[in-house]
1. Within the bounds of region 160-168, is there any residue that is in a strand (DSSP E or B) and either in contact with a Cys (Cβ under 6 Å, 6 or more places away or on another chain) or not aliphatic (A, V, I, L, M) (or both)?
2. Which ones in region 183-211 are under 23 Å from Tyr302 (Cβ atoms), surrounded by fewer than 19 Cβ atoms within 10 Å (Cβ to Cβ) and of a type in the set (D, E, K, R)?
3. Filter region 62-86 down to the residues that are of a type in the set (A, V, I, L, M) and crowded, with 19+ Cβ neighbours inside 10 Å, then identify the one that is farthest from Arg233 (Cα to Cα).
4. Quickly run through region 169-215 and pick out the residues that are of a type in the set (A, V, I, L, M, F, W, C) and assigned to a loop (DSSP other than H, G, I, E, B).
5. Search region 303-328 for residues being of a type outside the set (Gly, Ala, Ser) and buried (at least 21 other Cβ atoms within 10 Å of the Cβ), and hand back the single one that is nearest to Pro95 (Cα to Cα).
6. Which of (1) buried (at least 21 other Cβ atoms within 10 Å of the Cβ); (2) more than 21 Å from Leu290 (Cβ to Cβ) does Pro250 not meet, given it meets every other one?
7. Here is a list: Gly139, Gly104. Which entry is under 21 Å from Phe199 (Cα atoms), modelled with pLDDT of 95 or more, in a loop (DSSP other than H, G, I, E, B) and in contact with a strand residue (DSSP E or B) (Cβ under 6 Å, 6 or more places away or on another chain)?
8. Scanning region 87-101 for residues that are touching a Leu at 6+ places or on another chain (Cβ under 9 Å) and assigned to a strand (DSSP E or B), which turns out surrounded by the most Cβ atoms within 10 Å (Cβ to Cβ)?
Amino acid sequence: MVFRGFNVSSFTGHASRAALVAAVGLALAGCEERRGNAGSYRAYQAIPSDALALMQQKGTDAHKPILIRAFKKEAEFEIWKMRADGEYVHFKTYPMCRWSGQLGPKRREGDRQVPEGFYTITQGQLNPNSAYYLSFNVGYPNAYDKAHGYTGGAIMVHGDCSSAGCFSMTDDQIAEIYAIAREAFGGGQRAIQMQSLPFRMTPENLAKHRFDPNIRFWKQLKEGVDQFEVSKRETKVAICNQRYVFGATPVDASARLDANAQCPVMNEDSQIKTAVAAKQRNDDAKVAELVAGGVKAVKIVYADGGQHPSFANSVTMLSRPEAVASGPTEIQINEQGKPVPAVVQVAAAKAEAARPAAPANSGATTGNPGKPSLEALLERTGAVPPPGKTSVAKAAAPAPTENAASFVATAAPVAAATPEQPFYKRWLGFGGSESAPAASVQPASVPVPPRRQAQTPAKPQASLAKPKTAGTVAGAQPAVPTSLAAYSPASR
């Protein structure tokens, strides 16, 4: 009997029985609560003919490697296929039938959270005998999760539209996805990269979630997303110093990466690095523009995860249907991550209505995805427009400057000049470092009229230019609540 890669007959003695118990405990820890019949025919179903035709149309085939991206907020599951030139092309987007928990990483066993991060799927993680029709393990916890003390396991992509911390699809969907992964492994792929993300890393989403307690982590994941979207090649992932490092490899090939130790000296592809930096500047400028234009910071609260809107009232097998019946709730939050009082929201809405409308910008252009040159990579970021077109980044944002804070101040003068917008001081510390605090503004010197002669000496006047006293440590994050219950309209 084979149990998730373990041959039960090979276990002998007390130590072997203990190992078997541990393996069973791991299986029961996540979504694999029960088992199906061994040798299930489901694992050998062919890829549907329409999917094969789509692969041919995209310039790829069933045996080429794949890459997976999952987006919780949008409840979408993407498969990308490699072409003959080594670049990945978007193959298909599957609406996700069910995911559980809230936006944010998985931190502990039993929190019902779908994990977020970059994960590795090997052939041994395919489970042909799952009771959830078919399934495969995503590889949580990875080295990053372990370095941060996160617990739990057996996080799967599976069928049955039922989730307790997993990515749940319909049975027909998982049959197709499983077959595509199986054939990719059969073609020689050794590991599948899975990018599990809270939402699509658009400026709009980042502007809305700018005060979320997880924003630092999400911006870190965006570095890896940008690497992939610029290069269309699998993102190189390293984990050291308790953070992700993307697009880099150690100069010393024999260097051992330790998730809890300092990173060694790393090599990076200069062309991709330049293109990614340009994309990040464009995205930062767009975020600044959106915030200056009045986009509110929000916290999205779910009763327990969500599902793609296309499944509303059409799926019979669904875990906790009452949790997704009303959909998520958006709560406006302030810089400390706390709900904004209703009276403040009403006053802000009135002030917003009195403001003149800002001129609309033209739409962004897309570049040529086929050229591997630096110019082509920059086109993908919007920094260099295709022939005959004008880039939004060039039209709306200034040329890059040496100081990130001055770049934002130029791109969005209203936001940079307003003390109530300190978010920019943190936002542009994109690599995990914080930008320097803004200098105190000193009042201009004002002539003082002559004083009358007093009988007693006058007390010396306080300086008008008394410097402000810093109330917080430069770069420190504001205190934020850790429990989502603080935002919930009703206790759960």
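The values are calculated or read from the model by the stated rules, or taken from the named source; none is laboratory data. Quantities reported herein were computed from a predicted structural model and do not represent experimental measurements. When we count neighbours, we look across all protein chains shown, and the Cβ atoms used for this are built from the backbone with ideal geometry, even at glycine.
1. Initial filter on region 160-168 (in a strand (DSSP E or B)): 167-168.
Imposing the further condition that a residue be either in contact with a Cys (Cβ under 6 Å, 6 or more places away or on another chain) or not aliphatic (A, V, I, L, M) (or both) reduces the set to 167-168.
Yes, because at least one residue in region 160-168 is in a strand (DSSP E or B) and either in contact with a Cys (Cβ under 6 Å, 6 or more places away or on another chain) or not aliphatic (A, V, I, L, M) (or both).
2. Arg200, Glu204
3. Residues of region 62-86 that are of a type in the set (A, V, I, L, M), as a first pass: 62, 66-68, 70, 75, 79, 82, 84.
Those left that are additionally crowded, with 19+ Cβ neighbours inside 10 Å: 62, 66-68, 70, 75, 79, 82.
Numbers: Ala62: 18, Ile66: 11, Leu67: 9, Ile68: 12, Ala70: 17, Ala75: 24, Ile79: 13, Met82: 8 Å.
The residue in question is Ala75.
4. We begin by selecting, within region 169-215, every residue of a type in the set (A, V, I, L, M, F, W, C); these are 169, 174-175, 177, 179-181, 184-185, 191-192, 194, 197, 199, 201, 206-207, 211, 215.
Across region 169-215, the qualifying residues are Met169, Phe199, Met201, Phe211.
5. Keep residues of region 303-328 that are of a type outside the set (Gly, Ala, Ser), which gives 304, 307-309, 311, 313, 315-318, 320-322, 324, 328.
Okay, now just the ones that are also buried (at least 21 other Cβ atoms within 10 Å of the Cβ), so 307, 324.
Numbers: Gln307: 8, Val324: 15 Å.
By that ranking, first place goes to Gln307.
6. So the condition that Pro250 fails would be (1).
7. Details: Gly104 fails: in contact with a strand residue (DSSP E or B) (Cβ under 6 Å, 6 or more places away or on another chain).
One residue alone meets the criteria, Gly139.
8. Going through the qualifying residues, I end up with Arg98.
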